[in-house]
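Worksheet for the structure shown next.
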C-alpha cells in the first residue's frame, strides 16, 4: 500500500510540484532564519553589499543549474523510462555527470580570470568599499561554480525518475549544511577569535561549496540503492545496446536537448545579473551619492533578494515537476493531458504566488525590520516594495518558459527569452539613470510581460490551451488579494507593524496581521471556487468525511 501511494504521488503533477516546491520552501525558510543572526554578524550595509553581490552571482548559477541543464537530463530520463529503456537511462546519467563537471570547471576558471574587472563593475571603489575585497569574495564564490553543476546533474536524474521527495530532501540538506557552516565559522571568527567582520563574508561565500559537496555525497549514498534496482532492470532488458556508437548518439541527443534549456536559463534569469551590473553606474548617473548606492545595492542584493525568493520557489519547484509529466504525455501523444497539465501548473503558481508577492509589498517595512540589520530601514523597505513586483513576474515567467521547453517548443521559447533579454538590456540603464533603482523594475515589467504573452499565444496555437478560464480565475485572485490588502490596512490603522515596539513585538504583530490577511484571501477565493477547481479539493466533502470518521 505504501509503495502504491508513492507511485500515485509521482503520477500527480500537483503533488509532485508541491513536493518540489516544499523542499525549496523549507530551504529558503532556513535561509531566512539564518539571515537575522548573520546580518548582525556582518554588522554593516557594506559587508551586506559584498556578500549580496557574490550571492547574486551564486543565485544566478543556481537558477541555471536548477532550471537549465537538469531539465534536459530529466526530459531524457523520463523519455527512456517511459520506453522502459533502462540501459540508455543509465547512460544519460553517466554522460550528464561528465558534461556538468566540465561546465562547472569552465565557469569557475572564467570567474577567477575576470574577477578584477567584474569587481570594479559591480562595486563602487568609494564609501569604504574596495575592489580588492570584492575580487577576493568573487574568487571564493567561484569554487561553488564547480560543485553546484555536478549536484544539479544528480538532481536532474532523480527529477526525471519523478523521485521529487529525494529532490526536495537534497535541497533541504544542502541549505542546512550551508547555514550551519556559515553561522558557525562566522561567529567563531568574529566573536571568539576577534577577527574583522569581513571574515564573516568570506565564510558566507565558502559555505556554498561546502554545502554542495555534502549534498553530492547524500545523493551518491542514495545512488547505491537506486542504481542496484536499475542495473537489475538492465539485465532483464532484451539486448541493451551500450555500444560506443550508441553512446555518441545519446550524447548528441543530450546536447541537442540541453542547449536550448541552458541558453534559456542563461538569458531568462539574466535580469538579476543585469540589475547587479548596471545598478552602480546607473545610480551614479542618476546623481546618488556613494552612501545611498551602497544602501540600495546592499538591500537589493542581500535582504530583498532573500525575501523575494519566497514566491520564486514556486518556479523551480513546479518547473522541476512538470518536465517528466509532460515528457511522458508527449511520448504517448496524449495532448489532452498536456493541455490540462499546462493550465494546472500556471494556475497553481498564480494562486500561491500572487498573495505572497503582494504581502511583500504590504508588509515591506516590518518584514525588513524584523529580518535584517540595516542603517537605512526606510530605503530598504521602499526597495522591497518595488521588488515585490519583480517577485511576482519572476515567479510566473520561468513557468511559461519551462512549459514551452517541456512540450518541444524549445527554439521558440529560446527566441522569446532572447526578446526578454534584449528588452531588459536596452531599457535597464536608461531607466535607472532617469528614475533611479525603480528603473530596474519597470524594465522587468516590460520584458517579462512581452515574453509571457508570446509564450501564452504559442501554447494556445500549438496545443489549443484555452487561457480565458485562467484569466477569469486570475481576476478572482486579484479580487481576493484586494480583500487581503483591506485586512492589512485595517491592522495598520490599529498600529500594527510600526516598528516602534521592538523586533519581537513587531514579529508577533506581523504574524497576526499576515495570518488574518491570508485567511481572508483563502476564504474569498473559496467563495469563487478557486481551491476546489485548481487543487481538485472540496472542503465540504473533507469535513463531511471527517465528521463521519
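For the pair residue 426 and residue 82, label points projected 7 Å from Cα toward Cβ lie 3.8 nm apart.
Is any residue of the range 409-430 close enough, with backbone N under 16 Å, to a label point placed 7 angstrom from the Cα of residue 281 along the Cα-Cβ axis, and if so, which? Flagged as within label range: 424-430. Once the chain from residue 132 to residue 98 is taken as fully extended at 0.36 nm per residue, the excess over their C-alpha distance is 8.8 nm.
With each label modelled as a point 7 angstrom along the Cα→C-beta vector, the residue 528-residue 114 pair spans 4.4 nm. Ordering of 384-397, 454-467, 252-265 by packing is 384-397, 252-265, 454-467, highest average first (other Cβ atoms within 10 Å, averaged per residue). Once the Cβ-Cβ distance of residue 248 and residue 220 is raised to the sixth power relative to R0 = 22 Å, the FRET efficiency obtained is 0.25. I'd like the distance separating the alpha-carbon centroids of the range 188-220 and the range 254-294, in whole Å. For the range 188-220 versus the range 254-294, the Cα centre distance is 25 Å. Peptide packing: for 139-152, 349-362, 99-112, the average count of neighbouring Cβ atoms within 10 Å per residue gives the ranking 139-152, 349-362, 99-112, highest mean first. Determine, from the Cβ-Cβ distance of residue 463 and residue 256 and an R0 of 22 Å, the FRET efficiency 1/(1 + (r/R0)^6), rounded to the nearest 0.05. So, using R0 = 22 Å, E works out to roughly 0.50. Can you compute the FRET efficiency between residue 289 and residue 411 using 1/(1 + (r/R0)^6), with r the Cβ-Cβ distance and R0 = 56 Å? Round to the nearest 0.05. Plugging the Cβ-Cβ distance into 1/(1 + (r/R0)^6) gives 0.75.
The stretch between residue 512 and residue 197 holds 109.9 nm of extra length on full extension. This uses 0.36 nm per residue minus the Cα-Cα distance.
FYI, it's all coordinate maths here, none of it is from the lab. All figures in this text were calculated on a predicted structure; none of them were measured in a lab. Here Cβ is always computed from backbone atoms with ideal geometry, including for glycine, and neighbour counts include all displayed protein chains.
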